[in-house]
Amino acid sequence: MSANQSSKEIPSIVKHMFYGEVLEDEVFPFPHLNETQVEMAKAMIDAVDKFSQASIDSAKLDKEAKIPLEVLQGLAGLGLCGLGVEEEFGGLGLDTTLYARVFSQVAGVDGAIATTLGAHQSIGYKALLNEGNDEQKKQWLPKLASGEVFAAFCLTEPGSGSDAYSIKTKAVKNADGTYTLNGQKLWITNGGLAGFYTVFAKTEHDEEGGKKVEKITCFIVEKERPGVSFGEKEDKMGIRASETRAVYFDNVIVPASNIIGELGKGFKIAMNVLNTGRLSLGSGSVGGMKSILKLATLQAKTRKQFGNTIDNFGLIQEKLATMAANIYASESMVYMTTGKITQGMSEFSHESAICKVYCSEKLWDTIDKATQIAAGNAYMKEYPYERIMRDSRINLIFEGTNEILRIFTALSGIKGPSDDLKELGKITDVSKAFQDPIKSVGILTDFAKKRMNKHFGNKTLTKVHPKLEVYGNHFVSCLKDFSIAVENTIMKFGKNIIGNELLQMRIANMAIELYVQICVLSRTTSILNKTTVSDTDKDYVTLLTELIMRDSRQNFTRNYKRLNSSYDKLIPKISQAVSQRDGFGFDIVDF
Ligand SMILES: Cc1cc2nc3c(=O)[nH]c(=O)nc-3n(C[C@H](O)[C@H](O)[C@H](O)COP(=O)(O)OP(=O)(O)OC[C@H]3O[C@@H](n4cnc5c(N)ncnc54)[C@H](O)[C@@H]3O)c2cc1C
C-alpha cells in the first residue's frame with residue numbers, strides 16, 4: 001500500500017456530478033488534516049522556511065539561470081527529494097495531503113526550485129513508485145529519495161506535445177532480450193541534471209492474425225548509458241534556474257529489466273503519473289498565490305497616493321479580495337482532492353485535471369492583480385513581481401495544457417452518462433429519442449428531470465452549514481442544470497461531441513465551477529462547525545465563501561447559457577476568416 005492510509009475505495013466526486021449526483025457523505029465533512037498531519041506539516045513548513053531564508057536568493061537563481069549544487073543538496077537534506085517515498089526506501093513516506101502541503105510551501109518560495117523538485121518526484125520517478133517491481137525500487141528509490149540521483153520524465157518530442165500518443169522514439173527488441181532505443185525528447189525538466197530518466201518509447205507487438213501494432217512502453221534509462229546525450233540548456237521565459245534540455249537516444253541499449261510495469265502499457269502509466277503531477281501543480285499554485293498576496297498586501301498598505309494608502313481604494317480592495325478568494329477556493333479544491341485520495345479515492349483523474357486548470361489560472365490572475373497593485377514598481381526587475389509572473393505562466397502549459405485538460409474533463413465525464421443512456425435506450429421508450437435525438441431533447445430533458453428528482457427532489461444539501469444554505473441551494477440548482485445539460489448534449493450531438501470543442505469547454509467549465517462550489521461549501525461548513533475557530537476567522541471564511549459562490553454561479557450560468565446560444569457559432573467563422581487573411585487582414589486605411 002502507498003503512503004496513503006486507507007484501503008476503502010472512495011468514488012470520484014466529479015465523475016458522479018456528471019450523473020447529477022453529489023456524494024454528500026464523501027464530500028462532508030471536509031478532510032481536514034489530523035493532528036499528526038498538522039504536526040508533521042508544521043515541522044516541514046518551518047524547515048523549508050528556515051532553509052529558504054538562509055540559502056535561497058530567487059533573484060540570483062533567476063539571473064544566473066542556475067540552482068547551485070549546495071542549494072539542491074540542502075533541499076535534499078530536508079527530505080524534499082523523497083516526500084512520497086516509503087520510509088523503508090529512505091523517503092519521508094508522506095501521504096498525498098502532506099506531500100501537497102509541503103510542496104506548496106516550496107513553490108511559495110521559488111518556482112524554479114518547485115519545478116526541479118516536482119519534475120524529480122511528482123513525475124520523474126513516479127512511474128517507478130507506482131509500477132516498479134521490488135528489484136527496481138530497491139535499486140533506485142534510496143538514491144532518488146536522498147537526492148543522490150535526480151530524475152526526469154521524458155514524454156514530449158518535437159512532433160509530439162499534446163498528442164502524446166504520437167511519440168516516435170522507438171525501442172526495438174534485440175535477440176538477447178535487450179532493447180535498442182532511438183529518438184529525441186524535447187524540453188525535459190532536469191535533462192542533463194538527472195541520472196535517472198523515465199522514457200516512453202514505442203515497442204512493436206503481435207496482434208491476433210499476425211498483425212504488428214505499436215504500443216508505448218516505459219523504460220528506465222540511466223544517464224551514463226552509451227548513446228544518451230543532451231541538447232543545450234534552454235533559455236526560458238521563466239523558471240529559468242530549472243534545467244530544461246532535449247535528451248537524445250542514439251542506439252541506447254537497455255536491458256528488459258529496465259522496463260517499468262507491463263510491456264505496451266506505458267501510455268496508461270504516463271497518464272497516471274501526470275494525474276498526480278497535476279495535483280502538485282495545483283498545490284504549488286496555492287503556495288505561489290499566498291506569497292504573491294503577502295507581497296501585494298504589504299505594498300497596498302504602505303503605498304500612499306492622494307493622501308491615502310492605496311488599500312483604502314475600492315479598486316485595490318477588489319483585487320485583494322479576489323486574490324484571497326482565489327486562494328481559498330483553490331486550496332479547498334486541492335485539499336478536498338488530496339484528502340479523498342488519502343482516504344482511498346484511487347480514480348481521481350477528473351479532480352486532478354480540474355485542480356491543475358483552476359489553480360494555475362487563479363495563480364495567473366493573482367500575479368496579474370498583484371502586478372497592477374504594485375504598478376510601476378512591479379515592472380522593475382528590482383522587485384519580484386515580473387519574475388514571479390514569468391515563473392507562473394508555465395503552469396497553464398505543462399503536464400497537459402489547460403485546453404487539453406478541459407477537453408479531457410468534458411469527454412471523460414460525459415462518457416459515463418453516455419454509456420448509461422445507451423443502455424437505457426434499449427429498455428425504455430426513451431429509445432425513441434435515440435432515433436431522432438434533436439427532436440427528442442424535450443423527452444430527454446423530462447427524463448433528466450425525473451432522474452434528478454430521484455436524486456434530489458426539491459431538497460438541498462443536508463450537511464451544509466445553515467449559514468450557507470442559500471449557497472447550498474445554488475449548488476443544487478447548478479448541479480441539476482448541469483446534469484440536464486450533459487444529457488441533452490449527449491442526445492443532441494452523440495458522437496459529434498468529440499469534434500465540438502467549444503461545447504466541451506462549456507461542459508468542463510461548468511464541472512470546474514461545481515467542484516469549486518462543493519469543495520468550498522464543505523470546507524467552510526467544517527470551519528463554521530469548529531469550536532476552536534474564532535468568530536473573526538469564521539466571519540472571514542464566510543465572506544470568502546460568499547464571494548466565491550456568487551462568482552462561481554455567474555461563471556456557471558454564463559457557460560450554461562452559451563451552450564445553446566449562437567455566441568459560440570461566431571468563433572469558428574471569425575477564426576477561419578483570420579486564418580484566410582493570415583492575421584487581422586485589413587487596416588484603417590483600407591476601409
Ligand atoms: C519549461 C518546460 C518544461 C517542460 N518539461 C517537460 C518534462 O519534464 N517532460 C516532458 O515530457 N515534457 C515537458 N514539457 C513539455 C510540455 O509538457 C509540452 O510543452 C506541453 O505538453 C504542450 O505541448 P506543446 O508545447 O508541443 O504544444 P502543442 O501540443 O503544440 O499545443 C499548442 C497549442 O494548441 C493547443 N492544442 C493542441 N491540441 C489541441 C486540441 N486537440 N484541441 C484544442 N487545443 C489544442 C494546446 O493547448 C496549445 O495551446 C515541458 C515544457 C516546457 C515549456
From phi via Karplus (6.51, -1.76, 1.60), per-residue ³J(HN,Hα) for region 500-517 in Hz, x at Gly/Pro: 10, 6, 5, 4, 4, 4, 4, 4, 4, 4, 5, 4, 4, 4, 5, 5, 4, 4
Report the relative contact order of the chain, percent, no decimals, based on alpha-carbon pairs under 8 angstrom and at least 6 residues apart. 16 percent
Need one number: nm distance between label points at residue 173 and residue 543, each 7 Å from Cα along Cα→Cβ, rounded to one decimal. 6.6 nm
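Give me the extension gain from residue 347 to residue 581: residue separation times 0.36 nm, minus the current Cα-Cα distance, reported in nm with one decimal. Could the numbers behind the result be given before it?
Working: separation 234, 0.36 × 234 = 84.24 nm, distance 4.54 nm.
Using 0.36 nm per residue and subtracting the Cα-Cα distance, I get 79.7 nm.
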When the solvent-accessible surface of protein heavy atoms is calculated with a 1.4 angstrom probe, in what order do 143, 340, 138 fall, highest first? 138, 143, 340
Accessible surface of residue 534 - all protein chains present, 1.4 Å probe, nearest 10 Å²: 50 Å²
Quick one: work out Rg over Rh on the C-alpha atoms of the chain, Rh as Kirkwood radius. 0.98
Pull out the extension gain between residue 534 and residue 557, defined as 0.36 nm times the separation in residues minus the alpha carbon to alpha carbon distance; nm, one decimal. 4.8 nm
Approximate spin-label separation residue 365-residue 204, in nm, with each point projected 7 Å along Cα-to-Cβ: 5.2 nm
Taking the Cα centre of the chain as the origin and placing charges on Cβ (Lys, Arg +1; Asp, Glu -1), which of 269, 554, 109 is farthest toward the positive end of the dipole? 554
Long-range HN-HN contacts of residue 345 with modeled amide H, under 5 Å: 10
Given the peptides 21-27, 409-415, arrange them by the average over their residues of other C-beta atoms within 10 Å, most packed first. 409-415, 21-27
If the reach is capped at under 20 angstrom between alpha carbons, list the lysines near residue 301, excluding any in the same chain fewer than eight residues apart. 290, 319, 369
Between residue 502 and residue 375, what is the spin-label point distance in nm, taking each point 7 Å from the Cα along the Cα→C-beta axis? 3.9 nm
HN-Hα couplings for region 16-24 via Karplus (6.51, -1.76, 1.60; θ = phi - 60°), in whole Hz with x for Gly/Pro, come out as 5, 5, 5, 9, x, 10, 10, 7, 4
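Pop the C-beta distance of residue 233 and residue 73 into the FRET formula with R0 = 22 Å and round what comes out to the nearest 0.05.
It comes out at approximately 0.65.
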Stokes-Einstein diffusion coefficient of region 32-150, Kirkwood radius over Cα pairs, 10 °C, 1.306 mPa s, in µm²/s: 109 µm²/s
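In region 543-591, what trypsin sites (Lys or Arg not before Pro) fall in a loop by DSSP, with at most 14 other Cβ atoms inside 10 Å?
Hits after loop and neighbour filter: 581.
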Can you tell me the dipole magnitude for region 32-150 around its Cα centre, using point charges on the Cβ only (Lys, Arg +1; Asp, Glu -1), in Debye to the nearest 20? 300 debye
I'd like to know which of 522, 470, 76 lies farthest towards the positive end of the charge dipole of the chain, counting +1 on Cβ of Lys and Arg and -1 on Cβ of Asp and Glu. 470
So, over other residues within a Cβ distance under 13 Å of residue 407, counting Lys, Arg +1 and Asp, Glu -1, the net charge is 0
For region 188-240, listing GluC sites (Glu not before Pro) in a DSSP loop whose Cβ sees at most 12 other Cβ atoms within 10 Å gives 207, 224, 232
Which FRET efficiency value, to the nearest 0.05, do you get for residue 180 and residue 87 by plugging their Cβ-Cβ distance into 1/(1 + (r/R0)^6) with R0 = 35 Å? 0.40
Calculate, for residue 567 and residue 257, the FRET efficiency according to 1/(1 + (r/R0)^6) with r their C-beta to C-beta distance and R0 60 Å; round to the nearest 0.05. 0.60
Heavy-atom SASA rank of 101, 506 (probe 1.4 Å, accessible area, largest first): 101, 506
The alpha-carbon center of region 234-282 and that of region 508-546 are separated, in whole Å, by 37 Å
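Please list 155-165, 306-316, 284-294, 539-549 highest first by mean number of surrounding beta-carbon atoms within 10 Å per residue.
The densest-packed peptide leads the list: 284-294, 539-549, 155-165, 306-316.
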Mean residue ellipticity (222 nm) of the chain, computed from DSSP H runs ≥ 4 via -39,500 (n - 2.57), nearest 500: -19000 deg cm²/dmol
Lys, Arg +1 and Asp, Glu -1 on Cβ, resulting dipole of region 269-396 about Cα centre, debye, nearest 20: 320 debye
Note down the magnitude of the dipole of region 353-414 about its Cα centre, charges +1 on Lys and Arg C-beta and -1 on Asp and Glu C-beta and zero elsewhere, to the nearest 20 debye. 20 debye
So if I take the centroid of the Cα atoms in region 367-395 and the same for region 134-170, what is the distance between those two points in Å? 33 Å
So which of 268/480; 126/294; 42/185; 340/538; 170/356 end up more than 28 Å apart by C-alpha? 268/480; 126/294; 42/185; 170/356
For region 201-217, 3J(HN,Hα) per residue [Karplus equation, 6.51 cos²θ - 1.76 cosθ + 1.60, θ = phi - 60°, Hz, x = Gly/Pro]: 9, 7, 10, 8, 9, 8, 9, 4, x, x, 6, 9, 10, 9, 10, 9, 10
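How much length, in nm to one decimal, is gained on full extension between residue 24 and residue 302, taken as 0.36 nm per residue of separation minus their Cα-Cα distance?
95.6 nm
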Provide, in order from the shortest bin, the percent of all Cα-Cα pairs of region 152-264 in each 5 Å bin, continuing until the bin that contains the maximum pair distance. 2, 12, 22, 24, 18, 10, 6, 3, 1, 1, 0
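The values are calculated or read from the model by the stated rules, or taken from the named source; none is laboratory data. Bear in mind the structure is a predicted one, so any value in this text is a computation, not a measurement. Every residue, glycine among them, receives a Cβ derived from its backbone with ideal geometry; neighbour counts consider all protein chains shown. Just so you know, the surface numbers come from the protein's heavy atoms only, side chains and all, with ligands and any DNA or RNA stripped out. Shrake-Rupley method; radii C 1.70, N 1.55, O 1.52, S 1.80 Å.
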